[in-house]
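Novice: Shown below is the structure under consideration.
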Amino acid sequence: MGPERELFWKIGPGWLFYALAALAVGLLLVGTAAHLQLWMKSSLKGKVAFSREALKQTLSDVFLGLRVLKGEVAAGIMHALIFWGFLVLTIGTAILLVHEHLSSFLVGTSHLAFEVAMEIGGLILLGGILWALVRRYVQRVPRLERRLEDALVPLWLLVVVGSGFILEGIRLASQKPEWANWSFVGAWAAGFISPGIAESSYPYLWWGHALLSLGFVAVIPFTKLFHILGAPAAYYLHHSSEVSIKASLFSRDLAQAPVNEDEVAPETGEAALDFAETPLNLADIAFYDACMRCGRCVQVCPSAGAGEAFAPRDFIQATIRALWKEHSRVGDIRLFTKDQVIDPKVPWHCTTCAACLEVCPVYGAAFEAVSKKRTTLILEGTGVPDLMNQTLERLFNYENPWVSSKREKAAWTKDLDIPALTKDGKEVDFCYFVGCTTSIDARTQAIAKSFSSILKHAGVSFGVLGEKEPCCGDIARVVGEVGLFEEKKMNCLDLFSRYDIKEVVTSSPHCFHAFLNEYPEKNFGVRHYSLVLKELIGQGRIRFKTNGKRTAVTYHDPCYLGRHNRIFEEPREVIRSIPGIQLVEMDHHGADSLCCGAGGGRMWQGKELDGEARMSEIRVREARATGAELLITACPLCLIMLEDALKTLGFEKELRAMDLNELVLSSLELAGNNLM
Amino acid sequence: MKEPKIIVCAKQIPDPEAPFSNVSVNVEKKEVVVDAPDVISPYDENALEAAIRIKEEVGGKITVLSMGRKVSDTVLRKTVAAGADALILLEDAAFERLDSRSIAFVLSSAIKKIGEYDLILTGRQAGDWDSGQVGLILAELLGIPSISLARSIKIKDDSVVVEKLVPVGYEVVEAELPALVTVSNEVGELRYVARTKMMALLRRPISIPKWGTKQLELSVEALNPVQLMELCPPPDMRRECVFIEGASSDEKAGKLAAVFKELR
Ligand code: SF4
Ligand code: SF4
C-alpha cells in the first residue's frame, strides 16, 4: 500500500458520522435561512442585480482581506492566518470525503502533498488563533471586547485544531506508516504517544474531534462566526448597490415615504428607541448582521473618543438586536446576545464624519444607520432634542440654522462692491454660494471676504445671491429631516434655474457635498472653493509675494471635503504653493483625519451631548503638537469649532486658526498686504 | 374613568424667536412690526404637548381652539399633525386686539358651544404680550376650578393632579374635573412635527369649523379692544468693545483715563 489515509480507521461504520454531519449542515442552513428571512423582512423591497464588477470586488475583498488589513496590519495578518488555515482545512476535509466515496485519487505523491498542505493549514490556523487570543487577552487591545463568546469561539477552534493534530499523532504512532514524516506535526506528536494507549483512546478522541468540528460548522449562524457568511454578502451588496463613500445618507424612497394618512400622530412611547421601525435596504442589514464587534469604528469615532455616551459598534449591535426581535419569526437566534440599554440621545451624537466607514471591515457606514434612526425619530417627533427642534424650526422659517434672518445674508458684502446676481444680469463664471454660516457668523464672514478679494485679484467674474441665497438644506438631511431637506432642495433648484446658474462654488464643504451628491436632479456644476484656488494658482492667476519668513502651518481636513468627497490633496497643494509656507501634518490627517465635532448637526446641539473632552479640543491639541503657527482649514464650521477650542484651551497665542482663503489672501502680492 | 375630552387654546402670534433685525417698533401707531412667519405661541405649544401626553397615557380627544382676526390653518394644522384630533378656528374682524377679558369671553362662548369637556389647557401666557390673564378669566367665566403654571399634569380618576410652579420648587395641586390648567414651559416642548407629516396633512382635506360672532351669537359691543397707553422701543443694547493698545501699562492707563474723561 502506498501513502494513503484510512478515513474511518477503527471507527466502524461511517453512517453515524454522516448523520451528524447532515445535522450540522442542516443547522447551518436553517440558521442561515433565519438570517436571510430577517434581511428580507427588515429591508425595503428591492432587487439585487447581478454585477460582475461587484463580484470581482467581493472576491478580492474576501481573499485578499485588505479591508481587515487596512490600517491594522497585525489584525490583518492574524485574520488572514485564521482565514487561510480554516479554508485549507475545510477544503482538505471536503477533498478527503471525495477521495473516500467518489474517486480514490489521494494516493502516493498526491496524498503526501495533501498531508503537507493540511499540516500547514492546521499550523497557520493554530498560529492565527493563538495570536487572536493573545491580542484580546494578553495585549488587551482596547477596541476588543471580552465577552464570553469572544473567548469561546477561538478556544473551540483551538481545541478542534489541537485535537486534529493529536489524532493524527495517535494514528501515526500506531500505524507507523513509512511516510509518517510528511505529516510533520502529527509525526512530532506521535513521538509522545505509546502505541497501546493510542489505539484504545483513538475512537473516543476521533468522535470528540468530529463532534467539535461539526458543532463548529453548526454554530456559525448562531454566533459572531456568522460573519464568515455575512461579510461576503455585505461586500457584494455594498459593491453592487454602490453604497460608496459618497453615499447618500438616506435612501431617497424615504423622502417620499407615504405618511399613513389616517394616522398622522403615531402613538409612541416616551422617547423610546424603536430601531425596528427604520426603513433600511439590504446592504444596511447585511452590514449590521455581519458586524463582528471588532470595535475599529469605536477606535476612530471622534464622539466615542471624546468620552461621549456613544459607540458606533454598540449602536449597530442595538439596531440588529432590535431587528431580530421585531422581524424574525423565531426571535433572535444568536446565542450570547442580550438587550442593551441605549440612551435615547444616542442617535444625536454622531457627527457623520465617516471615519467609521473608512475602517470597518464590512464597509459599515454607522452614520447612515444613525441617520436612518434620526429620520424615524423626526417622524415620531418625540425623540428630537429641544435644540435640534428649534434649529429645524429656524431653518424652515428663516432659511438658516442660526438665530438670524435671511436678510442678513448680504451684510458681509457691505462696502465691498461684491457683484450681486440678478435674474437677467450679465454672464459670470460662477455663482459664489456663500452659505448660511459663512454669510451670517461674524468670524466666518472673513472666508467670504477673503475669497472675494482673491477672486477679484485673479480677475474672476462671479456673483453672489445675497439676501436671496437659500439654504442648501444639508443640516436637515444629516439630522434626518428628509422632508425639510427636499423642500430646501426644491427651493435651491428653482432659484438656480430662475437665475440660470450653471456653475456654483461654495464656501462650505457641506453645501458642496449636498449639491454634488444629494441633488441628483441638478443641472449645474459645483466646486468647493479650494478647487478654484488650486485652479487659479495652476493658471498663474494668483501671484504670491515672496516671503523671507518661514511659517509652519498644519491643515485640518474637513470631513465633507476629505473623507466624504476625497478632496485631500488640492487644499494641500494650495498651501504648498505659497512661498515661505511649510506644511506639517498632524498625526491624524487625510483619510484618517479627526472630526472637529461640528458635523451631523452637532454645531447646533449645544454642550448637552459633550463628553469628558470636546472633539474640537482633542483636535486642537493635536494641531498644537505639530508646532505649527497656523491651523488651516477649509470649512466655516471647522473654523468656528477649532478657533473656539483654541480659546477655551488658552492656545490662541501659539496657534491661530485660519481659513485657507485667509492664508492665501494674506500671502498675495497686494499693495499694503502684511496681514501675516 | 372615561377618556377625557381636552380643549387646548392656542394663539397664533408672530414668531417671538424672530431675529432681532426682523422686529421694529412703530411708536406713533403703537405697533410692534414683526416681519416673521406666524407660529403658535410657545406656551400654548407646551399646553398641547401636555394634552398629547395625557392622551397617550389614558386616551381622550383633543380639540384645539384658536382665535384671532385672521388665523391661518396652515399654522394651526401643526396641532393636528402633532396629535390633536380637531381644530376649531374663531375668526372675526371683531376679534382683533381685544383685551384679556373679551378674549376669555369669546373663548368661553365657543367652549360652551362645544359643550362637553373635561380639561381645558392654555399656555401660562401668550408669547407676544405676555399678559397671562386669559386662562384664569376663562375658568372664572366657565365657573370651573383653575390651576396656573403647571410643570406636570396627570389625570387621576375624575380629577387633575398638577405640579404647580411656585417661586422655589413646586406644589402638587388637585382639582376636580372639569378644570382649567395653564401650562408652563417646564412641561416640555411640543414634539417635532416632520415636514413630510405636515405636508401630508396640508394635502388632506379636514373639516375645520370657523366660528365668528355670528356663529357664537355674540354682540360686538360686549368686546373691548385693548387700550394701549404707550409703546416704546427697547433700549439700544448695542455694545462696543475697544482694546486699548499701548507699549506700557502706563500708556494704556493714560489712554483709558482719556476715554473715561471723554465719556463723562
Ligand atoms: S460617522 Fe464619525 S461620529 Fe459618526 S459613528 Fe462614524 S466615526 Fe463616529
Ligand atoms: S461596525 Fe464595522 S468597525 Fe464597527 S464593530 Fe462592527 S464590524 Fe467592526
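Novice: Given H placed 1.01 Å from N in the peptide plane, which residues other than close sequence neighbours of B:Lys164 have an amide H under 5 Å from its amide H?
Specialist: Residues meeting the criterion, in which the H sits 1.01 Å from N, are B:Arg151, B:Glu171, B:Val172, B:Val173.
Novice: Moving on to the next point. With all protein chains present and a 1.4 Å probe, how do B:Asp130, A:Asp417 order by accessible area, largest first? Intermediate values should be presented prior to the final figure.
Specialist: Numbers: B:Asp130 75, A:Asp417 125 Å².
Reading off the accessible areas and sorting them downward yields A:Asp417, B:Asp130.
Novice: Something else about it: Please report the spacing between the Cα centers of the range A:601-635 and the range B:41-65 in Å, no decimals.
Specialist: Cα centroid to Cα centroid, the span is 41 Å.
Novice: Starting from the exponent 0.38 and prefactor 2.2 Å, build the expected Rg for the protein assembly as shown from its residue count and divide its actual Cα Rg by it. List each step's numbers first, then the result.
Specialist: On the way: Rg = 35.0 Å, N = 940, 2.2 N^0.38 = 29.7 Å.
Compactness ratio reported: 1.18.
Novice: What is the spin-label model distance, in nm, from A:Ile95 to B:Asp35 if the labels are put 7 Å beyond Cα along the C-beta direction?
Specialist: It is 8.2 nm.
Novice: In addition: Could you please put A:His589, A:His556, A:His239 in sequence from largest to smallest accessible area, using a 1.4 Å probe? The partial results should precede the final answer.
Specialist: On the way: A:His589 70, A:His556 0, A:His239 35 Å².
Highest to lowest solvent-accessible surface, that is A:His589, A:His239, A:His556.
Novice: So what's the net charge close to A:Ala304: Lys and Arg +1, Asp and Glu -1, counting the other residues with Cβ under 15 Å from its Cβ?
Specialist: Working: positive: A:Arg143, A:Arg293, A:Arg296, A:Arg313, A:Lys345, A:Arg602, A:Arg614, A:Arg619; negative: A:Glu145, A:Glu308, A:Asp314, A:Asp343, A:Glu358, A:Asp610, A:Glu612.
Here the charged neighbours net out to +1.
Novice: How large are Rg and Dmax for chain B when calculated on the C-alpha trace, in angstrom?
Specialist: That works out to 23.1, 80 Å for Rg and Dmax.
Novice: Follow-up question, since we're still on this one. Whole-Hz ³J(HN,Hα) for each residue in the range A:281-291, computed from phi via Karplus 6.51 cos²θ - 1.76 cosθ + 1.60 with θ = phi - 60°, x for glycine and proline: what do you get?
Specialist: 10, 4, 4, 4, 5, 4, 5, 4, 6, 8, 4
Novice: Report the accessible surface area buried between chains B and A, summing both sides, using a 1.4 Å probe on protein heavy atoms only, in Å² rounded to the nearest 100.
Specialist: Working: alone 15420 and 29190 Å², together 42050 Å².
That pair hides around 2600 Å² of surface in total.
Novice: Can you give me the C-alpha center-to-center distance between the range A:179-212 and the range A:358-379, rounded to a whole angstrom?
Specialist: Each part reduced to its Cα centre gives a spacing of 51 Å.
Novice: For a quick check: with amide H placed at 1.01 Å from N, whose amide H comes under 5 Å from A:Arg527's, ignoring anything fewer than 5 positions away on the same chain?
Specialist: HN-HN under 5 Å from A:Arg527: A:Val504, A:Val505, A:Thr506.
Novice: For B:Leu98, which sequence-distant residues (separation of 5 or more, or a different chain) have an amide H within less than 5 Å of its own amide H, given hydrogens modelled in the peptide plane?
Specialist: Here B:Val226 satisfy the definition.
Novice: Can you work out ³J(HN,Hα) from phi for every residue in the range B:186-191, in order, using Karplus 6.51 cos²θ - 1.76 cosθ + 1.60 and θ = phi - 60°, giving whole Hz and x for Gly and Pro?
Specialist: Computed from phi, the couplings for the range B:186-191 are 4, 4, x, 6, 4, 3 Hz.
Novice: Another one. Find the accessible area per residue for chain B; the probe is 1.4 Å, ligands and nucleic acids are left out, and the unit is Å². Walk me through the intermediate numbers first.
Specialist: Working: 14130 Å² over 264 residues.
Accessible area per residue: 54 Å².
Novice: Between B:Arg97 and A:Lys70, how many nm apart are label points set 7 Å from Cα along the C-beta direction?
Specialist: The modelled label-to-label distance comes out at 6.6 nm.
Novice: Round to the nearest 10 and give me the degree value, 0 to 90, for the angle of helix A:109-133's Cα axis relative to the longest principal axis of chain A.
Specialist: 50 degrees
Novice: Further question: Would you look at the GNM of chain B, springs on alpha carbons closer than 10 Å, and say which of B:Arg204, B:Arg101, B:Arg239 moves the most?
Specialist: Per the Cα network of chain B with a 10 Å cutoff, B:Arg239 tops the list.
Novice: Taking the Cα centre of chain A as the origin, how large is its charge dipole in debye, to the nearest 20, when only Lys and Arg (+1) and Asp and Glu (-1) carry charge on their Cβ atoms?
Specialist: 1080 debye
Novice: Something else: Which one of A:Ala218, A:Thr58, A:Ala94 has its Cα pushed farthest toward the positive end of the charge dipole of the range A:15-228, where Lys and Arg give +1 and Asp and Glu give -1 at the Cβ?
Specialist: Looking along the dipole axis, the top candidate is A:Thr58.
Novice: Quick one: how many lysine pairs in the range A:15-228 have C-alpha atoms under 30 angstrom apart, if they're 8 or more apart or on different chains?
Specialist: 9
Novice: Can I ask one more? Considering only the other residues whose Cβ falls under 13 Å of the Cβ of B:Glu230, what net charge follows from Lys and Arg at +1 and Asp and Glu at -1?
Specialist: Working: positive: B:Lys29, B:Lys30; negative: B:Glu28, B:Glu31.
Summing Lys/Arg as +1 and Asp/Glu as -1 gives 0.
Novice: Taking square-rooted eigenvalues a ≥ b ≥ c of the alpha carbon gyration tensor, is the range B:184-248 rounded, prolate or oblate, where a/c under 1.5 means rounded and, failing that, a/b exceeding b/c means prolate? Display every interim value, and only then the final one.
Specialist: On the way: a/c = 3.87, a/b = 1.62, b/c = 2.38.
It is oblate, given that a/c is not under 1.5 and a/b is not larger than b/c.
Novice: Compute the distance in nm between two label points, each set 7 Å from the Cα along the Cα-to-Cβ direction, one at B:Ala257 and one at B:Asp128.
Specialist: 5.6 nm
Novice: Specify which residue in the list B:Ala194, B:Gln133, B:Val27 is farthest towards the positive end of the charge dipole of chain B, using unit charges on the beta carbon of Lys, Arg (+1) and Asp, Glu (-1), about the Cα centre.
Specialist: So the residue we want is B:Ala194.
Novice: Note the angle between two axes, namely the Cα long axis of helix B:100-114 and the longest principal axis of the Cα atoms of chain B, as a number of degrees from 0 to 90, rounded to the nearest 10.
Specialist: Orientation of helix B:100-114: about 30 degrees from the principal axis.
Novice: Here's something else I'd like to know. For the range A:15-228, what class follows from the C-alpha gyration tensor (a ≥ b ≥ c being the square roots of its eigenvalues): rounded when a/c is under 1.5, otherwise prolate if a/b is larger than b/c, else oblate? Show your work: numbers first, answer last.
Specialist: On the way: a/c = 1.76, a/b = 1.51, b/c = 1.16.
Prolate, because a/c is 1.5 or more and a/b exceeds b/c.
Novice: While we're on this one: Of B:Lys2/B:Lys112; A:Lys468/A:Lys549; B:Lys29/B:Lys164; A:Lys373/A:Lys534, which pairs sit farther than 31 Å apart, going by alpha carbon to alpha carbon?
Specialist: On the way: B:Lys2/B:Lys112 20 Å; A:Lys468/A:Lys549 43 Å; B:Lys29/B:Lys164 39 Å; A:Lys373/A:Lys534 38 Å.
Exceeds cut-off: A:Lys468/A:Lys549; B:Lys29/B:Lys164; A:Lys373/A:Lys534.
Novice: Moving on. If you keep only loop residues by DSSP, which trypsin sites (Lys or Arg not before Pro) in the range A:314-368 have at most 10 other Cβ atoms within 10 Å of their Cβ? Display every interim value, and only then the final one.
Specialist: Working: sites: A:Arg321, A:Lys325, A:Arg329, A:Arg334, A:Lys338, A:Lys345; in loops: A:Arg329, A:Arg334, A:Lys338, A:Lys345.
Passing both the DSSP loop test and the Cβ count: A:Arg329, A:Lys338.
Novice: How much mean residue ellipticity at 222 nm does the protein assembly as shown get from its helices, if each DSSP H run of length 4 or more adds -39500 (n - 2.57) and you divide by all residues, to the nearest 500 deg cm²/dmol?
Specialist: Details: 34 runs with 424 residues, N = 940.
My calculation for the protein assembly as shown gives -14000 deg cm²/dmol from helical runs alone.
Novice: Continuing with the same structure: I need the trypsin sites (Lys or Arg not before Pro) found in the range A:549-639, filtered to DSSP loop residues with at most 15 other beta carbons within 10 Å of theirs. Write out the running numbers ahead of the final one.
Specialist: Details: sites: A:Lys549, A:Arg550, A:Arg563, A:Arg566, A:Arg572, A:Arg576, A:Arg602, A:Lys607, A:Arg614, A:Arg619, A:Arg621, A:Arg624; in loops: A:Lys549, A:Arg550, A:Arg563, A:Arg566, A:Lys607, A:Arg614.
Sparse-neighbourhood loop trypsin sites (Lys or Arg not before Pro): A:Lys549, A:Arg550, A:Arg566, A:Lys607.
Novice: Sticking with this structure for a sec: Give the residue list of chymotrypsin sites (Phe, Trp or Tyr not before Pro) in the range A:38-95 that are DSSP loop and have at most 11 other beta-carbon atoms within 10 angstrom.
Specialist: Values: sites: A:Trp39, A:Phe50, A:Phe63, A:Phe83, A:Trp84, A:Phe86; in loops: A:Phe50.
Here the sparse-neighbourhood loop sites are A:Phe50.
The values are calculated or read from the model by the stated rules, or taken from the named source; none is laboratory data. On a predicted model such as this, the values are computed, not experimentally measured, just so you know. Every residue, glycine among them, receives a Cβ derived from its backbone with ideal geometry; neighbour counts consider all protein chains shown. Ligands, DNA and RNA are stripped out before the accessible areas are found, and what is left, the full protein with its side chains, is counted by its heavy atoms. Shrake-Rupley method; radii C 1.70, N 1.55, O 1.52, S 1.80 Å.
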